[in-house]
Amino acid sequence: MTIKEIQDTIVDEFSMFDDWMQRYEYMIELGKSLPLIDDKYKVDENLIKGCQSKVWVHAELDDDKLKFTADSDAIITKGIIAILIRAFSGQSPKDIIDADTAFIDEIGLKEHLSPTRANGLVSMVKQLKMYAIAYQTQLN
Amino acid sequence: MIDIKSIREDFPILNRKVNGYPLVYLDNAATSQTPKQVIKAITDYYTNYNANIHRGVHTLSQEATEKYEEARQKLQRHFNAAHPYEIIFTSGTTHGINLVANGFAALLQPGDELLVSAMEHHSNIVPWQMLCEKTGAVLKVIPMNEKGELEMEVYEQLLSDKTRIVFCNHISNALGTINPIEKIIKMAHDAGAAVLIDGAQAAPHIKADLQALDVDFYTVSAHKMCGPTGVGMLYGKESWLRKMPPYQGGGEMIAEVTFEKTTYADLPHKFEAGTPDICGGIAFGAAVDYMNGIGFDAIAAYEHELLDYATGRLLKEIEGVKIYGTAENKTSVISFNIEGIHPYDIGAILDKLGVAVRTGHHCAQPIMDYYKIPGTVRASFAFYNTREEVDRFIEAVQKAQMMLA
């Protein structure tokens, strides 16, 4: 599936819920399925700056596709990073660089998009894209 | 006695809904809400007599000057300073601390010692660290115990003839501890050191008598005590203010300027370079009037009741809760965590339920390091909060725990 198709699937899943509580509960559930980062990568260099909770992300290239793993000490943040990784992991660096993240708004998590929000969703997206740019340079 | 119904009518923002719920505002230690009396002072200024102060001969300028200086006198009376010119208008507590730290640069020698309490806000740590870098002075820390109280015996041992200045908050923003500043000041003076008290958190709860305290510097922010943001006060004893060089150069702070030599204006203008926040200063005065109208004894008693009620319910009804800051003498702040749950998660769910609290390190990372935690959830109560709001807060915490555990 393309990034857009995955994002549409996520939007579909979230559209089943009528209130924020169900959406948050689902997000927390998604957090539990997050591909966890190997302990050896859970180091300060892999921390995303600008988050009130700690978020570690690691990326590696697997057959021209980028695979992400991550973890967070806060469960909501873990849910958010899980959603992003689900949309981006297994895609080519170029597609990740070009992808937009408007679907976050559509699943009713718009408040997390504000750059001042302490969980730093914006920083997370930026970090994932930075990895993509770095690996794209390698591929070139 | 607090007439809570009529008080709440003074605060238009309390009628707001947040995420579909009536707002429960429990982030008062970060900033207080603004009563319509203060809002009126602000609109009054811009509607009727907005003008630059001190030099204009026209009527508006004179009216604005009069009101601004009247606000200074209100602060003088409120804090019982000896003279109005000992009240310096600042942009807030941080500005006040930086002003003093800058002034002390000229008064320190390498090897001089500064004492800081372990429970300071970053704003009362960093300016002094910068001062130490500049002068070769040494920063020493007065430790605290598990309850969040300063270890006074260690403080006594740290004081020496090398100590130049001690700085400490009146009330800790992260823990709510009310520090024994009378004792701290007396002991510092006995050792020949000056004292700066960060009164930002105390000003909304306690009416400090600065002459009785005999404190050298005391600094507050208007926005913690029902005033606007961006304005505050530094009190300094006249002798210190005369000794310290100006902080910033510019208009307003001069007597005579030639390219060869400039002489400085007298107090308080020596420390008030440039056009100040005239409207903010006047509104600050209105805020102090408003709070005095309610009365600080009534405020303290009422807030204490809320604190006891909230603490009791939290401890009894929330499993795995731990409160940080359990000093005998504390104000209406509850800093807490729930076992196994990140404070950020609790704050995010509470926000969805219309309850505003603060999460994180509260600009006091050394305290978080002491307890070895990433941060806390902090609920801080003001005199316009109610028992019903405490109930909403407890229910919201229960709901958050259910969702997150």
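Only the coordinates and a few stated rules stand behind these numbers; no lab work does. Small disclaimer: the values here were computed from a predicted structure and weren't measured. Here the Cβ positions follow ideal geometry from the backbone for every residue, glycine too, while neighbour counts run over all protein chains shown.
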Candidates B:LYS134, B:LYS36, B:LYS74, ranked by Gaussian network fluctuation over chain B, Cα under 10 Å, top entry:
B:LYS134
Taking the Cα centre of chain B as origin, work out the dipole magnitude from +1 charges on Lys and Arg Cβ and -1 charges on Asp and Glu Cβ, in debye rounded to 20.
640
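Listing B:PHE296, A:PHE68 from the residue with the fewest other Cβ atoms within 10 Å to the one with the most, what is the order? Provide the component values of the computation, followed by the final result.
Working: B:PHE296 17, A:PHE68 24.
Ascending Cβ contact count within 10 Å gives the list B:PHE296, A:PHE68.
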Percent relative contact order for chain B, counting Cα pairs under 8 Å at least six residues apart, stands at 23
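Quantify how strongly other chains surround peptide A:70-76 by giving the mean number of their Cβ atoms within 10 Å of each of its Cβ atoms.
On the way: counts 0, 0, 3, 4, 11, 9, 9.
That average works out to 5.
Work out, step by step, the length gained on full extension between B:GLU9 and B:ARG55: first 0.36 nm times the residue separation, then minus their alpha carbon distance; give nm to one decimal. Provide the component values of the computation, followed by the final result.
Working: separation 46, 0.36 × 46 = 16.56 nm, distance 3.92 nm.
Contour length minus Cα-Cα distance gives 12.6 nm.
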Counting Lys and Arg as +1 and Asp and Glu as -1 over every other residue whose Cβ sits under 15 Å from the Cβ of B:ILE338, the net charge comes to -1
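Please list, by residue number, every one of the GluC sites (Glu not before Pro) in the stretch B:64-104 that is coil in DSSP and has at most 13 other beta-carbon atoms within 10 Å. Can you show the working numbers first?
Details: sites: B:GLU66, B:GLU69, B:GLU70, B:GLU86; in loops: none.
The qualifying sites: there are none.
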Projecting each Cα onto the charge dipole of the protein assembly as shown (Lys/Arg +1, Asp/Glu -1 at the beta carbon, about the Cα centre), which of A:SER123, A:SER33, B:TYR384 comes out farthest on the positive side?
B:TYR384
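Order of B:ILE254, A:ILE85 from fewest to most other C-beta atoms within 10 Å? The partial results should precede the final answer.
Details: B:ILE254 16, A:ILE85 22.
Taking fewest neighbouring Cβ atoms as first place, the list is B:ILE254, A:ILE85.
Would you mind working out the magnitude of the charge dipole of the protein assembly as shown relative to its Cα centre, with +1 at each Lys and Arg C-beta and -1 at each Asp and Glu C-beta, to the nearest 20 Debye? List each step's numbers first, then the result.
Working: 52 positive and 73 negative charges, 104 e Å.
Charge dipole of the protein assembly as shown: 500 debye, to the nearest 20.
Looking only at other chains, what is the average number of their beta-carbon atoms within 10 angstrom of each beta-carbon in B:340-347?
On the way: counts 1, 2, 10, 3, 12, 12, 2, 5.
Mean shielding count: 6.
Rounding to the nearest 20 debye, state how big the charge dipole of the stretch A:3-139 is about its Cα centre with +1 on each Lys and Arg Cβ and -1 on each Asp and Glu Cβ. Don't skip to the answer; put the middle values down first.
On the way: 16 positive and 24 negative charges, 101 e Å.
Roughly 480 debye, rounded to the nearest 20.
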Helix-derived mean residue ellipticity, 222 nm - over the protein assembly as shown, DSSP H n ≥ 4, -39500 (n - 2.57), to 500:
-13000 deg cm²/dmol
Mind giving me the nanometre distance, one decimal, between the label points for A:MET1 and B:LYS243, set 7 Å out from Cα along Cα→Cβ?
7.1
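Antiparallel DSSP bridges in the protein assembly as shown: what percent, to the nearest 5?
Values: 38 of 59 bridges.
Within the protein assembly as shown, antiparallel bridges account for around 65 percent of the total.
Determine, for B:THR262, B:THR219, the number of other Cβ atoms within 10 Å of each Cβ, and report the residues in order from fewest to most. Display every interim value, and only then the final one.
On the way: B:THR262 13, B:THR219 31.
In order of increasing Cβ crowding within 10 Å: B:THR262, B:THR219.
Quick check: net charge around A:LEU139, other residues with Cβ under 10 Å of its Cβ, Lys/Arg +1 and Asp/Glu -1?
0
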